[in-house]
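The values are calculated or read from the model by the stated rules, or taken from the named source; none is laboratory data. All values reported here derive from a predicted model rather than from experimental measurement. Reconstructed Cβ throughout: ideal geometry from the backbone, glycine too, with neighbour counts over all protein chains shown.
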């Protein structure tokens, strides 16, 4: 497989320095492959990995903050020493790319974004398939994971990673505004449009709707409109963003922002969009449930006690929000300690630890944990049934599932931005964007 990395990341002095630092990490225990094969479980009363050291690389993320204090328990239980490094998201991607390009055996296990870089990493042979490992231990209960969350971490019918953080698109709304106007919480997209129109009152600094308006960031959030109308970004190996259903979804989203959004919405990503919602200036907002604290934390929000949550409204195909794995754990295919690495992944994504990390506000993918009252303590009580319902019928991706994700998002986002800027022939725009997306998909086949 061709590896054209210069066009994917900027390989400059900073990255090369990172490669030098990283090349020295990990001990001798990481350089010799274990002889045990997947499918053989170590004796329960032994510590077959005693003396082993594995390297874990995480993002600077609340999940990492929650797991680190628990590591001494894992080390005591298994005899495995875990060396941890953490990086900001973009730094993490650069670090992993440099490491894997050089064929490094470290890190053994790493956090990654399945829908952003998972396909590229897997196609390049950098990720170890976990299908056999996931079936080793019946107590692990792999079927407990949400099917759509597992779908996010599956590439070419192979399990590329295990979910640790999930997200669903939900509807945020102002309970006080709806109550005052006598409006019920919208159940359908048509209901949402009608309620937005009724509550839109810019003269009094109240806007009907806000969401991401920037070309690339908006793609993940328009996806739920797309699925709920019965469309998708692709159909097999063909681009499908110019179908009547897709055009309707893009037009609805773009029109809501153009006609009922606040000034400057064309340039808003999620921090700006939820920021103006938190200022009390917007009635409805659609985005990921994972950012809810920005609207409910009194130190960040002027309407913290007035925010409601609802399942994404239904379109022609019903309510089809994305239900994705935004972060997963994956194993380096070159790791010299694969069985010990799986022992860590199994522990970190097992029911007991998922419960503990979820209680810290990290939404996991295990149904059994969500079904426990103590598993929901890290979230607003009103949001829990919304999350559980969204997970049932959710779609496993929130963007085109291609290698060149950035290019694909730009192609799709262009359609919505044309709606927002007043273009009238959206079908023609969608046809052109569809050609661009198809070219991206065809090019990816050569990588």
Only one of 122, 110 that is at pLDDT 95 or above, in a helix (DSSP H, G or I), under 17 Å from residue 335 (Cβ atoms) and touching a strand residue (DSSP E or B) at 6+ places or on another chain (Cβ under 6 Å): 122
Any chance residue 69 is within 25 Å of residue 149 (Cβ to Cβ) and part of a helix (DSSP H, G or I): yes
Report yes if residue 92 is crowded, with 22+ Cβ neighbours inside 10 Å and touching a strand residue (DSSP E or B) at 6+ places or on another chain (Cβ under 7 Å), otherwise no. yes
If residue 438 satisfies every condition in (1) assigned to a helix (DSSP H, G or I); (2) crowded, with 20+ Cβ neighbours inside 10 Å; (3) modelled with pLDDT of 95 or more but one, which is the exception? (2)
Taking residue 103 and the conditions (1) surrounded by fewer than 18 Cβ atoms within 10 Å (Cβ to Cβ); (2) in a helix (DSSP H, G or I), which numbered condition does it fall short on, given that it satisfies the others? (2)
Pick from segment 263-290, criterion within 26 Å of residue 359 (Cα to Cα) and out of contact with any strand residue (DSSP E or B) (no Cβ under 9 Å at 6 or more places or on another chain), ranking: surrounded by the fewest Cβ atoms within 10 Å (Cβ to Cβ): 271
Residue hits (segment 107-126; more than 18 Å from the chain's Cα centre (by Cα) and farther than 18 Å from residue 445 by Cβ) are 107, 108, 109, 126
Within segment 175-192, can you find the residues that are in a helix (DSSP H, G or I) and either surrounded by 15 or more Cβ atoms within 10 Å (Cβ to Cβ) or touching a helix residue (DSSP H, G or I) at 6+ places or on another chain (Cβ under 8 Å) (or both)? 175, 176, 177, 178, 181, 189, 191, 192
Which condition does residue 322 not pass, out of (1) under 17 Å from the mean Cα position of the chain (by Cα); (2) farther than 21 Å from residue 89 by Cβ, if it passes all the others? (2)
It is to be established whether one or more residues within segment 420-438 are more than 16 Å from the chain's Cα centre (by Cα) and within 30 Å of residue 165 (Cα to Cα). yes
I'd like to know if segment 386-394 contains one or more residues that are under 25 Å from residue 109 (Cβ atoms) and modelled with pLDDT of 95 or more. no
Can you tell which of 399, 409 is part of a loop (DSSP other than H, G, I, E, B), in contact (Cβ under 8 Å) with a residue 40 or more places away in the chain and crowded, with 18+ Cβ neighbours inside 10 Å? 399
Given (1) on the phi < 0 side of the Ramachandran plot; (2) in a loop (DSSP other than H, G, I, E, B), index of the condition residue 283 fails: (2)
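For (1) assigned to a loop (DSSP other than H, G, I, E, B); (2) crowded, with 19+ Cβ neighbours inside 10 Å; (3) touching a helix residue (DSSP H, G or I) at 6+ places or on another chain (Cβ under 7 Å), each residue gets a yes or a no:
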position	(1), (2), (3)
198	no, no, yes
207	no, yes, yes
215	yes, yes, yes
219	no, yes, yes
222	no, yes, yes
225	no, yes, yes
231	yes, yes, yes
